[in-house]
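Please read the structure below before turning to the comments.
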Amino acid sequence: MYAQMVKSTGQGVKDPSEMTDQERAFQERIDRGDRIEPKDWMPEHYRKTLIRQIGQHAHSEIVGQLPEGNWITRAPTLERKAILLAKVQDEAGHGLYLYCAAETLGVSRDQLTEDLLSGKMKYSSIFNYPTLNWADMGAVGWLVDGAAIMNQVPLQRTSYGPYARAMVRICKEESFHQRQGYDIMMKMAKGTPAQKNMAQDALNRTWFPALMMFGPSDAESVHSAQSMAWKIKMNSNDELRQKFVNETVPQAEFLGLTVPDPDCKWNEEKGGYDFSEPDWSEFFDVIKGNGPCNTERLAARNKAWDDGKWVRDGLMAHAEKKEARRVAAE
Amino acid sequence: MQQDALFEYLLRLGDNTLVLGHRVSEWCGHAPALEEDIALANVALDLIGQTQLWLGLAGEVEGTGRSADYLAMLRDVWDFRNVLLVEQPNGDFGQTIMRQFLFDLWHVLVLDALQASSNTQVAEIAEKALKEARYHLERSSDTVIGLGDGTVESHDRMQAALDLLWPYIGEFFEPDAIDLAAQENGVGPDLSRLEAAYREQLDRVLKQACLTAPTDFFAHKGGKTGFRHSEHLGHLLTQMQWLQRAYPGASW
């Protein structure tokens with residue numbers, strides 16, 4: 001997911017009898033389905049967990065521009081180039097709404113940015129994989145945005161108002177992203193033999209990293225249980241992963257492509273597909289910074305930030321001069 | 001206007017937006033601030049959209065079945081008709097925004113004039129594109145002013161960008177047989193009249209930006225006639241056209 005393994009209190013969900021009156025009233029509001037707004041009282045851990053989660057989601061949108069940006073200058077037609085530009089622009093916009101939502105919790109965008117650039121905060125593991133052929137633009141839209149939607153649609157009902165509202169706007173755009181991705185895959189899968197090879201190659205490389213996006217099983221996770229009690233996580237990782245596989249495998253079949261998992265089979269009894277677990281040691285390597293593109297992604301963001309310092313400083317200095325001139329004229 | 005001259009004239013309009021749109025799109029994900037990333041992508045998107053219209057019409061006028069995509073992806077350097085300014089590399093953000101400003105200022109003037117074109121299809125595209133170009137100009141001139149009148153460093157970088165790109169302005173206004181044919185047929189404007197308006201507005205913005213216009217009026221040329229592009233264009237096309245060249249005949 002765009003936010004993976006977000007830590008909460010680490011102590012499990014408190015029993016109502018252990019809660020203070022304020023905490024109990026807060027939990028009751030959440031249980032009733034009330035929205036928590038920035039000026040409302042909230043437990044410190046709720047605030048901190050949300051900052052981590054929304055911040056990580058925002059960073060994923062920002063870093064997520066890079067693997068697709070990699071193909072904008074090589075898009076094969078003017079229309080594809082325009083669509084891809086629009087999509088990457090949407091992602092920057094999502095980053096902006098999410099940073100704004102995080103700011104309502106008392107953290108600045110600059111602080112979050114510093115934490116991303118120093119490696120203190122994470123972004124989704126998926127963006128540390130390379131995009132190697134044009135069909136990757138299809139696979140990213142279809143599978144990566146598809147996986148993100150699984151998580152983000154329920155988050156429209158999350159307990160924190162600014163986050164839920166940001167998610168409503170984001171979901172509208174994500175479904176367009178997924179459709180355009182599938183549309184690229186259709187063209188490729190029904191195209192020349194070379195194009196079909198590109199499509200299969202992209203699916204082979206993206207399948208397991210997409211499954212990893214949901215994070216390892218969190219059935220036993222205390223963090224997860226707390227986040228679910230607070231309704232800032234709506235479904236378990238396994239539940240979402242299963243839903244994703246159930247929806248995606250028939251789409252791959254329709255394309256005439258093969259999911260790179262020989263054990264992926266329909267299970268009549270459970271009414272869903274059985275499938276292999278991704279290689280979780282690879283997942284933890286990527287999270288630790290050893291994914292194929294971690295170094296490049298972070299270096300690219302750091303370079304953009306460092307090279308842009310004179311621009312940000314210049315525009316700030318101008319705004320201050322302008323304001324001083326306005327005051328002097330009064 | 002003769003069909004082949006009109007075709008050339010339309011290529012100039014479409015190649016300018018194509019090449020500049022491509023250059024601006026190279027910034028994607030690497031801009032100095034999130035707002036700039038969004039704005040640059042937006043400008044690139046508008047320019048690519050305009051390219052589809054201009055090159056689409058060029059293909060129609062030519063009448064041999066070449067589409068906008070064909071014209072964009074399968075012509076070589078010598079067949080491109082964009083001015084040299086737009087193919088110049090992005091450089092730092094200052095160079096990118098100065099190049100954008102110098103282009104936007106011309107673009108707004110030319111599109112405004114083209115709204116009155118005797119060719120109704122040209123007039124219609126110009127009307128649509130002008131709305132976008134006005135917004136581009138507002139943003140690029142504000143940014144040039146902001147950075148020119150910002151810190152010492154931002155000022156010096158903007159002055160360096162202006163000095164570097166200054167010799168590429170003149171090509172806009174140097175009329176050749178195609179421009180004159182467009183003017184005579186009422187398809188396009190009188191370039192000398194545009195130049196006066198351009199220089200006047202340019203001076204106004206540079207003054208606010210605390211920047212000094214170079215006094216040398218030397219102008220590089222050869223882009224819009226296609227006679228002699230810079231070395232940069234070939235590399236840009238190598239990237240832009242790669243898939244279409246490597247997999248001929250595929251549908252994307």
The stretch B:138-184: which residues show an accessible-area loss of 30 Å² or more, assembly versus chain alone, 1.4 Å probe? B:Gly146, B:Leu147, B:Asp149, B:Gly150, B:Thr151, B:Arg157
Given contacts defined as C-alpha pairs under 8 Å and at least six residues apart, what's the relative contact order of the stretch B:74-140, whole-number percent? 30 percent
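Taking a quarter of the surface of the convex hull around the Cα atoms of chain B, what do you get in nm²? Walk me through the numbers on the way to the answer.
Working: hull surface 52.2 nm².
So the Cα hull casts an average projection of 13.1 nm².
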Using the Cα atoms of the stretch A:228-278 to build a convex hull, what is its mean projected area in square nanometres? 4.6 nm²
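Convert 37 °C to kelvin, take the viscosity as 0.692 mPa s, use the Kirkwood radius over C-alpha pairs of the stretch B:166-252 as Rh, and evaluate the Stokes-Einstein diffusion coefficient in µm²/s, rounded to a whole number. List each step's numbers first, then the result.
On the way: Rh = 16.2 Å.
Diffusion coefficient, whole number: 202 µm²/s.
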A:Tyr273 long-range amide H proximity, modeled H, under 5 Å: A:Asn246, A:Asn267
Which whole number in µm²/s is D for the stretch A:1-120 by Stokes-Einstein, with the Kirkwood Rh taken over Cα pairs at 4 °C and 1.567 mPa s? 78 µm²/s
Report the residue, chosen from A:Trp134, A:Trp207, A:Trp310, that carries the largest GNM mean-square fluctuation when chain A is represented by alpha-carbon nodes joined by springs under 10 Å. A:Trp310
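Per residue, how large is the accessible surface of the stretch A:182-286? Use a 1.4 angstrom probe and give square angstrom. Numbers along the way, then the final one.
Numbers: 4800 Å² over 105 residues.
It amounts to 46 Å² per residue over the stretch A:182-286.
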Would the stretch A:38-187 count as rounded, prolate or oblate if I go by the C-alpha gyration tensor, calling it rounded below 1.5 in a/c and otherwise prolate when a/b exceeds b/c, oblate otherwise? prolate
Under a 5 Å amide H to amide H cut-off, with H placed in plane at 1.01 Å, what residues pair with A:Lys233 once short-range neighbours are removed? A:Met228
Rounded to the nearest percent, how much of the accessible area of the protein assembly as shown (1.4 Å probe, protein heavy atoms only) is carbon and sulfur? 53 percent
Ignoring ligands, DNA and RNA, the residues of the stretch A:284-319 whose accessible area with a 1.4 Å probe is reduced by 50 Å² or more relative to the chain alone are A:Trp310, A:Val311, A:Leu315, A:His318
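Which value in deg cm²/dmol, rounded to the nearest 500, describes the helix-derived mean residue ellipticity at 222 nm for chain A, given -39,500 (n - 2.57) per DSSP H run of n ≥ 4 and division by the residue count? Write out the running numbers ahead of the final one.
Numbers: 14 runs with 207 residues, N = 330.
Calculated mean residue ellipticity at 222 nm is -20500 deg cm²/dmol.
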Return the single residue from A:Ala210, A:Ala304, A:Ala202 with maximal mean-square fluctuation; model: Gaussian network over chain A, springs between Cα atoms under 10 Å. A:Ala304
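How many Å² of accessible surface get buried when A and B come together, counting both sides, probe radius 1.4 Å, rounded to the nearest 100? Don't skip to the answer; put the middle values down first.
Numbers: alone 16160 and 11920 Å², together 24120 Å².
Using a 1.4 Å probe on protein heavy atoms, the buried area is about 4000 Å².
How much of the calculated P(r) for the stretch A:120-200 lies past 16 Å, in percent of all Cα pairs?
Working: 1898 of 3240 pairs.
The proportion of pairs with Cα distances above 16 Å equals 59 percent.
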Enumerate the lysines that A:Lys265 could reach by cross-link, defined here as Cα to Cα under 22 Å, with residues fewer than 8 away along the same chain left out. A:Lys243
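Over the stretch A:58-137, give the accessible area per residue in Å² for a 1.4 Å probe, as an integer.
On the way: 2040 Å² over 80 residues.
For the stretch A:58-137, the per-residue accessible area is 26 Å².
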For the stretch B:71-229, dividing by residue count, accessible area per residue (probe 1.4 Å) in Å² works out to 42 Å²
Between exposed trypsin sites (Lys or Arg not before Pro) in chain A, where DSSP calls loop and at most 11 other Cβ atoms lie within 10 Å, what's the longest gap? A:121-269
For A:Ile36, enumerate residues with amide H under 5 Å from its amide H, sequence gap 5+ or separate chain, H modeled in the peptide plane. A:Tyr160, A:Gly161
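Just the projected area, averaged over all directions, of the convex hull on the alpha carbon atoms of the stretch A:173-287: how many nm²? Don't skip to the end; give the middle numbers.
Details: hull surface 35.7 nm².
With every direction weighted equally, the projected area is 8.9 nm².
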Using a 1.4 Å probe and ignoring any ligands, DNA or RNA, find the accessible area of A:Trp41 and quote it in Å² to the nearest 10. 100 Å²
Could you give each residue of the stretch A:34-42 its phi-based ³J(HN,Hα) in whole Hz, using Karplus coefficients 6.51, -1.76, 1.60 with θ = phi - 60°, and x for Gly or Pro? 5, 8, 8, 10, x, 8, 6, 5, 8
What does the C-alpha gyration tensor say about the overall shape of the stretch B:42-155? Classify as rounded when a/c is under 1.5, otherwise prolate if a/b is larger than b/c, or oblate. oblate
Check: C-alpha center the stretch B:107-174 vs C-alpha center the stretch A:52-121, spacing in Å is 28 Å
Solvent-accessible surface (1.4 angstrom probe) belonging to B:Thr212, in square angstrom, nearest 10: 90 Å²
Classify the protein assembly as shown: rounded, prolate or oblate, from the alpha-carbon gyration tensor (a ≥ b ≥ c, eigenvalue square roots; a/c under 1.5 rounded; otherwise prolate if a/b is larger than b/c)? oblate
Per-residue accessible area for A:Asp313 at 1.4 Å probe radius, Å² rounded to 10? 60 Å²
If you take each beta carbon of peptide A:197-204 and count the beta carbons of other chains within 10 angstrom, what is the mean? 0
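The values are calculated or read from the model by the stated rules, or taken from the named source; none is laboratory data. In this text the structure is predicted, and so the values were computed from the model without any measurement. Counting neighbours? That spans all protein chains shown, and the Cβs are built from the backbone with ideal geometry, glycine included. Please note that ligands, DNA and RNA were not included when accessible areas were found on the heavy atoms of the full protein model with its side chains. Shrake-Rupley method; radii C 1.70, N 1.55, O 1.52, S 1.80 Å.
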